[in-house]
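The values are calculated or read from the model by the stated rules, or taken from the named source; none is laboratory data. As the structure is a prediction and not an experimental result, all values here were calculated from the model. Cβ coordinates were reconstructed from backbone atoms using ideal geometry, including for glycine residues, and neighbour counts include every protein chain displayed.
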Amino acid sequence: MKHPFSTSLLPFLSSFFSLLKTTDASCVVRPPDKNEVCLGFWETKPSCPADYERIKYGSCGCKWGFCTKSYYKCKGIPKCCDGWSGGSSCNKPICTNGCNSGVCISPKSCDCPDGYSGSSCEIAPLPSVEKLTVLTLNFACRDVAPFSACDNCQTRFKLLAAAFANESSVEGLPDLDSVDVILAQELGTDKNNFAQISSALQDRGFKYNTGDPSPTPSDIICDDPLLFDIDDKQIGSALSGLESGGLVTWSRYPIIDTHAQNWCAHSLPVPAGYLLTLLDVAGRAITVINLHAMAEFDFGLEDSAEDVRTYQFGELSGLAKTVSDSFHGDKIPFSVVLGGDFNEDAYSRESQAPDPNCGLISSTLVERKFSSVGLDIHDACGSNVIGEATWDTTKNDLADRFSDGSAHQVLDYLIQYSSSHSGESPKNIVGVLKSKVAWNGKFCEDTFSGHTFTDTAYALSDHNTVTATFQLPQGEANSNVNAALAAFNNAIDSWTNGKLADNAACGQEDSLCFDDSDCCSKDYSWTFEGQHCDGIYCKPCNELGGPCGTQIKGSECCGYYDYSSGLGAHCELFFSGGPKCIQKFDSGASCLFNEECQSLRCNWFRCD
């Protein structure tokens, strides 16, 4: 039966668009109820908006003489606040991205297990890595004439690959399962020629390497090299066929970045220098500097190789300090490790036996060199950290073959320069890597030339291996690889784009020099005295107010070549008191020579 609409029902209707109401503890959002009435038997049932459910009550019929209608009500469905679920109680928080191994304790907030971090507990705890073991080895392969005829590179590479593959035919190699980083020097050949070595190492877990040997002739060098600039090295490389400095680094840990550079001072116009490798070792930024310093070739000039290494040690210490300061400034857990063939004998070629003999350490210059890179060789030898010969003519038959005498030298080192951990340089463990069965090869009668002959040998390199285990600084679960990379790049930018490399690669007292600019300022001098070039040797210079004399080139005054800091000096003649070192003149002052002016320009007797 159909009945007309009664306006008496209007007061019972509530707004269809009432505001939502929120409970307190459970954070339930519940819409208000909305009353709707079916107007008659044949009327359409009302529809309810979202968040409502339709409820029927009453039915069409005849009661006590009156017709009844069917009534419908839109009843609000409870709804939880954003970030909550759990039915009518809304007691389950929601973490949109999940919590992995953690528990969601409030909207978008996870309670992570011990060691885990991140908004979704996605950052796993750092592996328990407390130490880093490094091995350094000079591979003694110069794959250019005349050395290619007698270095036996491929013969030895095959045996070295067998050693790295843990074959029983070779002995003297430390357990590679405990080694994390391998530093190689004198891999003077294309990387395809030692592919079997890289393959064997990869099979042993060394998944990362620096690729082609470096540095190359095109790699950077300081602005003012002592002897040969980048053009000279490119020409020398083309003529000799030596395409690189032969440095390669392998690692079990990811390599974040690398930097290769040629020495500012080197006695040969060929690529030679150092290779920096930044590693991510379980949240620590570990910079390993692989190097090959100038060998003992004096070319008729006494101690020239030793002097060149003085420049190289200065450059190395300046570089290591620049990198360390950058990580210190950014408060990143770090270590700077130096390793390779330093070619600087702690015993100054006075030892005749392979065992340590600390009493033979007598050279002040050698002490200063190693002190500049963080190693007190007296203490290190006394505590058995160093001392055993790495160039050993007694135990290593290749070293004996290539030696004129019986000197036993410590040439290869692993040194901790600095670290956010307080540890010191660890013990250098020396081993002779050799085949158990003699191998056949061709050898040269002379170092650089001469006839070749066939013979046998056991050692696989003329240098012994050196292994050391470094204590690592404490890592951080939230360590940022990008922050470590930025700090590393900032250090390299400062080193290469400024004058840091030129300033650090300087002549110490009594080192060979060509002019004052070759010698150290007091900021880089190991004696804390500025140096100038007196003849062909660096000698202490005189500060402002000190006496000075006439020189064909340069000056006895400290800072003669300093035209940038405002502290440069020159020698000025006074009628009373004689010549003295005074500060360079500012613009507008009277002058006779360009070198008297801060601007390095004397124009019509006035400094520009």
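Residues that are outside any strand (DSSP E or B), loosely packed, with under 13 Cβ neighbours inside 10 Å and not charged (D, E, K, R) were ranked within segment 59-87; the one that is modelled with the highest pLDDT is 87.
The residues of segment 548-595 that are assigned to a loop (DSSP other than H, G, I, E, B), at pLDDT 90 or above and aliphatic (A, V, I, L, M), listed by number, are 589, 592.
A Cβ distance below 8 Å, combined with a sequence gap of six or more or placement on separate chains, defines the contacts here; from segment 491-507, residues that are more than 13 Å from residue 520 (Cα to Cα) reach residues that are of a type in the set (A, V, I, L, M, F, W, C) and surrounded by fewer than 24 Cβ atoms within 10 Å (Cβ to Cβ) in the pairs 494/500; 496/220.
When restricted to residues that are in contact (Cβ under 8 Å) with a residue 12 or more places away in the chain, exposed (fewer than 15 other Cβ atoms within 10 Å of the Cβ) and among the hydrophobic types (A, V, I, L, M, F, W, C), segment 95-109 contains 1.
Before we move on, is residue 278 closer than 13 Å to residue 183 by Cβ, surrounded by 24 or more Cβ atoms within 10 Å (Cβ to Cβ) and either of a type in the set (D, E, K, R) or touching a residue at least 24 places away in the same chain (Cβ under 8 Å) (or both)?
Working: closer than 13 Å to residue 183 by Cβ: no; surrounded by 24 or more Cβ atoms within 10 Å (Cβ to Cβ): yes; either of a type in the set (D, E, K, R) or touching a residue at least 24 places away in the same chain (Cβ under 8 Å) (or both): yes.
No.
Of all residues in segment 97-148, those that are closer than 30 Å to residue 247 by Cα, of a type in the set (Phe, Trp, Tyr) and touching a Ser or Thr at 6+ places or on another chain (Cβ under 8 Å) total 1.
Of the residues making up segment 163-191, just one is surrounded by 17 or more Cβ atoms within 10 Å (Cβ to Cβ) and over 30 Å from the mean Cα position of the chain (by Cα), namely 170. Could you say whether any residue in segment 514-523 is surrounded by fewer than 19 Cβ atoms within 10 Å (Cβ to Cβ) and under 30 Å from residue 279 (Cα atoms)? Checking segment 514-523: not a single residue is surrounded by fewer than 19 Cβ atoms within 10 Å (Cβ to Cβ) and under 30 Å from residue 279 (Cα atoms).
Would you mind stating whether residue 134 is in contact with an Asp or Glu (Cβ under 8 Å, 6 or more places away or on another chain) and buried (at least 23 other Cβ atoms within 10 Å of the Cβ)? Spelling it out, residue 134 is indeed in contact with an Asp or Glu (Cβ under 8 Å, 6 or more places away or on another chain) and buried (at least 23 other Cβ atoms within 10 Å of the Cβ).
Out of curiosity, is residue 295 at negative phi, at pLDDT below 95 and assigned to a helix (DSSP H, G or I)? No: the conditions fail for residue 295.
Of the residues that sit in segment 117-127 and are without any contact (Cβ under 8 Å) to a residue 60 or more places away in the chain and of a type outside the set (D, E, K, R), which one is surrounded by the most Cβ atoms within 10 Å (Cβ to Cβ)?
Applying the filter and picking the extreme gives 121.
Per the listing 468, 491, the residue uniquely buried (at least 17 other Cβ atoms within 10 Å of the Cβ), among the hydrophobic types (A, V, I, L, M, F, W, C) and part of a strand (DSSP E or B) is 468.
Of all residues in segment 472-479, none satisfies being crowded, with 24+ Cβ neighbours inside 10 Å and either out of contact with any Lys or Arg (no Cβ under 8 Å at 6 or more places or on another chain) or outside any helix (DSSP H, G or I) (or both).
When restricted to residues that are under 22 Å from residue 199 (Cβ atoms) and either out of contact with any helix residue (DSSP H, G or I) (no Cβ under 6 Å at 6 or more places or on another chain) or outside any helix (DSSP H, G or I) (or both), segment 141-159 contains 10.
Based on what the data block shows, is residue 322 of a type in the set (Val, Ile, Thr), surrounded by fewer than 24 Cβ atoms within 10 Å (Cβ to Cβ) and in a helix (DSSP H, G or I)? In short, yes. When you scan segment 203-219, do you find a residue that is closer than 16 Å to residue 467 by Cβ, of a type in the set (S, T, N, Q) and not in a loop (DSSP other than H, G, I, E, B), even just one? Checked against the condition, which is being closer than 16 Å to residue 467 by Cβ, of a type in the set (S, T, N, Q) and not in a loop (DSSP other than H, G, I, E, B), segment 203-219 yields no hits at all.
Does residue 543 fit the bill of being over 23 Å from residue 223 (Cα atoms), more than 40 Å from the chain's Cα centre (by Cα), surrounded by 13 or more Cβ atoms within 10 Å (Cβ to Cβ) and of a type outside the set (S, T, N, Q)?
On the way: over 23 Å from residue 223 (Cα atoms): yes; more than 40 Å from the chain's Cα centre (by Cα): no; surrounded by 13 or more Cβ atoms within 10 Å (Cβ to Cβ): yes; of a type outside the set (S, T, N, Q): yes.
Considered against the rule, which asks whether it is over 23 Å from residue 223 (Cα atoms), more than 40 Å from the chain's Cα centre (by Cα), surrounded by 13 or more Cβ atoms within 10 Å (Cβ to Cβ) and of a type outside the set (S, T, N, Q), residue 543 comes out as no.
Of the residues contained in segment 94-109, one or more are found to be modelled with pLDDT under 90 and either over 33 Å from the mean Cα position of the chain (by Cα) or part of a loop (DSSP other than H, G, I, E, B) (or both).
Assess whether residue 596 counts as being surrounded by fewer than 19 Cβ atoms within 10 Å (Cβ to Cβ) and either touching a residue at least 12 places away in the same chain (Cβ under 8 Å) or closer than 30 Å to residue 228 by Cβ (or both). Spelling it out, it is not the case that residue 596 is surrounded by fewer than 19 Cβ atoms within 10 Å (Cβ to Cβ) and either touching a residue at least 12 places away in the same chain (Cβ under 8 Å) or closer than 30 Å to residue 228 by Cβ (or both). Applying a threshold of 6 Å to beta carbon distances and a minimum spacing of six or more residues, or different chains, the list of pairs starting in segment 146-163 at a residue that is assigned by TED's automatic domain parsing to the domain that holds residue 184 and ending at one that is small (Gly, Ala, Ser) and part of a helix (DSSP H, G or I) reads 161/200.
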